[in-house]
Amino acid sequence: MTKPSIIDLENQITHLQNQVEQQNAFYQLIIDKLPLSVVVFSIKRDTQGQVTDLLFESVNDTFSQLTKTPKVDLINKSLLEIIPETKNYWTKICDNFKNSTFENQYNVVNEAGDRFFKIKFFFSNKNMVVCFISDLTQQAKYEQTLKKQNEEIQEQSEEIQTQNEEFLSLNEELSESYEQLSQANDYLLKKEKELESANKMMQLVLDHIPVRVFWKDLNSNYLGCNRVFLHDAGLSKLDEIIGKTDIELFSRDIGMLYRADDKQVMTTGIPKLNFEEPQAKEGELIRTLRTNKIPISNKQNEIVGVLGTYEDITELKLIQEDLIRAKEKAEESDRLKSAFLANMSHEIRTPMNGIVGFSQLLGIADLSEREKTDYTTIITESSQQLLRIVNDIIDISKIESGMIELHYETLDISHLLHDIVQFYKPLALEKGIELVSNVSINETENIMYCDGTKLRQILDNLVSNALKFTKQGSITLEVCYTNNNLQFKVCDTGTGISKEYHQSIFDRFIQAKDTNKDSLSRGTGLGLSICKGYIEKMNGQIWVNSNGENGSEFGFRIPVDSIK
């Protein structure tokens, strides 16, 4: 068997060294540009094999910036020395190292309480462990100057030159003896294993990073990515994405947008950082992304591709939209509450003035009996009006706090409608309005078991509102039985209600505008809200039909099963 010559061995070593240099430089560039800290620790053990310390083996630029400590000052330093906040978690960390493999994470806060970190460990092998550290205090600042990048590349070139000189010295030693030649062969095999191990390690690191990572060539064809990006693209194997374009993976419009960003970064050489963009597939928006793209350069400082990372901020955007809507709703509620309080001040003051004023007049000695009777009537009516206002406030409070109780009784529906018509008929006649009832139920359907008081209050409110807004014509109170529901309607020929109020008038504090006067009618604005609360408590539904010109129809239905 022919032994390899010194020149052949030298060529093999040089070729391997070039591979190692290119691979290490490429992966180190990726790791250094990641928006979170990546640290590789060596495990220090005592004679019993127990973990006594973790020593920094290598770190990326993000961690060096986070700790404000140069890389060279971190190597072989203790974890507790650099991040003393991990002392509280040290026992738990050491317990996890008892297993041959593990993966765990810890949330750490510094002593000042103004910075928060997430630290995630996982084994690389028995004596090495990889750690991800995310600074949760604020978003990573991605702007890195091109000058610093070139300085780092220059430093790496100097290190490579030093290693080349060492390999030349090794070749000279190999020429002196066959034993040295054998040692070089062993060294070559070791480097090959290290290269294979480094490739696996770098891919493992990328696959465990919680952000999406990808890189492309000058034509925006994919060269590689990590596991989470592969999942987003709807693929399962790495070789399925290599050579593909964004147009093939996503929609055409989105693909063209991504390609334009790639071209801008590779043409100008300026990173594009922390910008938002959509991600769509088959024409449907599926995510909102916060993306970073930087150019990839070779040793000659020539741009050969683009490296990108992104985070899925879809949920964050939805939360922001919900907060905006909640803020607008709260502002509207506050405005309505202020208007309600102002209105209530007026509504309460009116009957109170009547009570106080005419009570004082009753103290005059020379009043006639007719005047005393009139004043007493006014005081009584004002007291009843004030009582109705207080009852409305109490009722709406019970509805909103869920304290409504139903008190069931046997009720004659047709008799109830007759009583309501007779009660409001004098007021209707006074205004020249016809008030009638239309009962379309048989004797069996007429007798119901329900809360008669609340049903009477609902109908009273609807008829009273109809009288308030009807100047001429008629008001009809109807009831019928349909689809296992008892259905009531109050129809009037009044001014009507604009469609813009059809939903809001059932909310508290809201009153429909009188279309003739274009102003809010007097009242507390709670009547329809109370009706809605009572009807929904009975598992029913209330609605309004009106075109804003030719009267209104308020209707509600109550399931018979819910009131038996």
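Scanning the stretch 42-73 for residues that are of a type outside the set (Ser, Thr, Tyr) and under 36 Å from the mean Cα position of the chain (by Cα) turns up VAL59, ASN60, ASP61, PHE63, GLN65, LEU66, LYS68.
Exactly one residue out of PRO295, PRO278 is in contact with a helix residue (DSSP H, G or I) (Cβ under 7 Å, 6 or more places away or on another chain), within 20 Å of LYS33 (Cβ to Cβ) and in a strand (DSSP E or B), and it is PRO295.
Those helices (runs of 4 or more DSSP H) of the stretch 1-117 in which 1 or more residues are at pLDDT 80 or above occupy 6-32, 61-67, 71-74, 79-82. Selection of the stretch 543-554 for residues being assigned to a strand (DSSP E or B) and farther than 13 Å from ASN465 by Cα yields TRP543, ASN545. Once the stretch 474-497 is narrowed to residues that are over 15 Å from LEU416 (Cβ atoms), in a strand (DSSP E or B) and at pLDDT 90 or above, the residue that is least open to solvent (accessible area, probe 1.4 Å) is ILE475. The set of residues from the stretch 450-482 being more than 15 Å from VAL436 (Cα to Cα) and in contact with a helix residue (DSSP H, G or I) (Cβ under 6 Å, 6 or more places away or on another chain) comprises CYS450, LYS454, ILE458, ASN461, TYR481. Residues in the stretch 232-254 that are in a loop (DSSP other than H, G, I, E, B) and more than 26 Å from the chain's Cα centre (by Cα): 8 in all.
Scanning the stretch 268-296 for residues that are among the aliphatic types (A, V, I, L, M), open to solvent by 20 Å² or more (accessible area, probe 1.4 Å) and in contact with a Leu (Cβ under 7 Å, 6 or more places away or on another chain) gives a single hit, ILE294. Scanning the stretch 195-227 for residues that are among the small types (Gly, Ala, Ser), closer than 22 Å to GLU21 by Cα and open to solvent by less than 40 Å² (accessible area, probe 1.4 Å) turns up ALA198, GLY224. Among the residues of the stretch 64-76, the one identified as open to solvent by 70 Å² or more (accessible area, probe 1.4 Å) and under 13 Å from PHE41 (Cα atoms) is ASN76.
Taking first residues from the stretch 409-427 that are within 14 Å of GLY452 (Cα to Cα) and partners that are open to solvent by 80 Å² or more (accessible area, probe 1.4 Å) and part of a strand (DSSP E or B), the Cβ contacts under 6 Å between residues at least 6 apart in sequence or on separate chains come to THR410/TYR449. Only residues that are at pLDDT 75 or above, open to solvent by 60 Å² or more (accessible area, probe 1.4 Å) and part of a loop (DSSP other than H, G, I, E, B) were counted in the stretch 358-372, giving 2.
Tallying residues that are open to solvent by less than 40 Å² (accessible area, probe 1.4 Å) and charged (D, E, K, R) within the stretch 228-253 yields 2. In this structure, does VAL265 turn out to be open to solvent by less than 10 Å² (accessible area, probe 1.4 Å), hydrophobic (A, V, I, L, M, F, W, C), in contact with a Leu (Cβ under 7 Å, 6 or more places away or on another chain) and in contact (Cβ under 8 Å) with a residue 40 or more places away in the chain? No. In summary, ALA339 fulfils each of the numbered conditions (1) at pLDDT 75 or above; (2) under 30 Å from ILE379 (Cβ atoms) with the single exception of condition (1). Of all residues being modelled with pLDDT under 75 and over 21 Å from ILE530 (Cβ atoms) in the stretch 373-398, which is surrounded by the most Cβ atoms within 10 Å (Cβ to Cβ)? Just the residue, please. Filtering the stretch 373-398 for residues that are modelled with pLDDT under 75 and over 21 Å from ILE530 (Cβ atoms), the one surrounded by the most Cβ atoms within 10 Å (Cβ to Cβ) comes out as SER382.
Summed over the stretch 42-68, the residues that are touching a strand residue (DSSP E or B) at 6+ places or on another chain (Cβ under 8 Å) and farther than 30 Å from ALA25 by Cβ give a count of 5.
Could you please find all residues in the stretch 407-452 being over 16 Å from GLN487 (Cβ atoms), open to solvent by 40 Å² or more (accessible area, probe 1.4 Å) and not in a helix (DSSP H, G or I)? Within the stretch 407-452, HIS407, TYR408, GLU409, THR410, ASP412, LYS431, GLY432, GLU434, VAL436, ILE447, TYR449 qualify.
The values are calculated or read from the model by the stated rules, or taken from the named source; none is laboratory data. The model shown is predicted, which means the values in this text are computed figures rather than measured ones. Reconstructed Cβ throughout: ideal geometry from the backbone, glycine too, with neighbour counts over all protein chains shown. To get the accessible areas, we keep the full protein, side chains included, count just its heavy atoms, and leave off ligands, DNA and RNA. Shrake-Rupley method; radii C 1.70, N 1.55, O 1.52, S 1.80 Å.
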